[in-house]
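What follows is one structure encoded as C-alpha cells, with my remarks underneath.
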Amino acid sequence: MPATTAEAAPGPMTPRPEILVLNGPNLNLLGEREPEIYGRTTLADIEAMCADTAAEAGLDVRCIQSNHEGGLIDAVHAARRSTVGAIINAGAYTHTSLALHDALKSYDHPIIEVHLSNPHAREAVRHHSYLSPVAAAVIAGAGARGYVHAVEILIDHLTNAKARL
Ligand code: CA2
C-alpha cells in the first residue's frame, strides 16, 4: 500500500475532530452551592457526559472553564482553527460581555449556547444574551442534561444540517 494511503487511513492514532466545551464564571462550583437553582451535578460530571456523547459521533471534547472574561476570549481564539464547533455557557458574562460576543463572531463554526437554569424565568437583567445572536441554538432550563442535548444538536449541525429543516 502506498505510504500516502496508509497515512490517510483512519485508525486509533488518527486525531478526532474536537468540539470546545466552554464554561464561564462560578460554574466550577457546580454541585457545591445553590443546588436548588443549578442542580447537584458537578462540572466534571457534565464534561464527562459531553465527552461520552461526542465520542459516539467520533468527536473529542476540549473542556475549558474560566472565571475571567479574557480567559474565555482566549479560549475561543485558541479554538478557532482547532475545533469544529462549540458548546458555551458563559455564566453571567452571557448578559454583559460584548467582548465575548465579538470573539465568537470570529469563530466560524456552529455555537450552541446552553444554560442550566432558564434565564428568562429569572431577573430581567438575565433576559438579554450577548451570545444568542451568534448561536445556532440556545438550550435553557434543562439542567445538566441540556449540555448533552447541546452536543447532540451541535453534531446535527455538523453532520446533517438539512435534516433540521
Ligand atoms: O443557568 C445558567 O447556566 C447561567 O448561565 C448560570 C449563571 C447565571 O449568571 C446565568 O444567568 C445563567 C451563573 C452561574 C453560577 O454558577 C454557580 C454554580 C454553583 C454555585 C453558585 C453559582
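Every number here is computed from the coordinates shown, using simple stated rules; none is lab data. Because the structure is a prediction, the values reported are computed rather than measured. Cβ sites come from the backbone with ideal geometry, for glycine too, and all protein chains shown count toward neighbours.
Within 10 Å of each candidate Cβ there may be at most 16 other Cβ atoms; applying that plus a DSSP loop requirement, which trypsin sites (Lys or Arg not before Pro) in segment 72-165 survive?
Those that pass, being in a loop and sparsely packed, are Arg80, Arg81, Arg122.
Using θ = phi - 60° and the Karplus curve 6.51 cos²θ - 1.76 cosθ + 1.60, what whole-Hz ³J(HN,Hα) does each residue of segment 21-32 get, with Gly and Pro shown as x?
10, 10, 10, x, x, 6, 6, 5, 8, 3, x, 9
To the nearest 500 deg cm²/dmol, what mean residue ellipticity at 222 nm is calculated for the chain from DSSP H runs of n ≥ 4 alone, each contributing -39,500 (n - 2.57), summed and divided by the residues?
-10000 deg cm²/dmol
Grab the Cα-Cα distance for Met13 and Ala124, subtract it from 0.36 nm times how many residues apart they are, and report the gain in nm with one decimal.
So the extension gain works out to 35.0 nm.
Run the numbers on segment 71-126 and let me know its relative contact order in percent, using alpha-carbon pairs under 8 Å that are six or more apart.
Value for segment 71-126: 45 percent.
Would you mind checking which residues have amide H under 5 Å from Asn67's amide H? H placed 1.01 Å from N; only 5 or more apart, or other chain.
When sequence neighbours closer than 5 places are left aside, there are no close amide H contacts.
Where does the charge balance sit around Ile19 when Lys and Arg score +1, Asp and Glu -1, over other residues with C-beta under 9 Å from its C-beta?
-1
Out of residues 5 or more away from Val114 or on other chains, whose amide H comes under 5 Å of its own, with H placed 1.01 Å from N in the peptide plane?
When sequence neighbours closer than 5 places are left aside, the close amide H contacts are Ile88, Asn89, Ala90, Ile139.
Using θ = phi - 60° and the Karplus curve 6.51 cos²θ - 1.76 cosθ + 1.60, what whole-Hz ³J(HN,Hα) does each residue of segment 81-98 get, with Gly and Pro shown as x?
Per-residue couplings from phi come out as 9, 10, 10, 10, x, 9, 10, 9, 10, 8, x, 5, 5, 3, 9, 10, 9, 5 Hz.
Tilt of helix 69-79 relative to the longest C-alpha principal axis of the chain, in degrees (0 to 90, nearest 10)?
20
Grab the other residues whose beta carbon is less than 15 angstrom from that of Arg122, score K and R as +1, D and E as -1, and report the net.
-2
Along Cα→Cβ, 7 Å out, is where each label goes; now give me the distance between the ones at Leu98 and Asp52 in nm to one decimal.
4.2
Relative contact order of the chain, please, whole-number percent, based on alpha carbon pairs below 8 angstrom and at least 6 residues apart.
24
Which GluC sites (Glu not before Pro) from segment 31-125 combine a DSSP loop assignment with at most 15 other Cβ atoms within 10 Å?
Glu32, Glu123
Could you work out the local net charge near Asp108, counting Lys and Arg as +1, Asp and Glu as -1, over the other residues with Cβ closer than 13 Å to its Cβ?
Counting the neighbours of Asp108, the net charge comes to +3.
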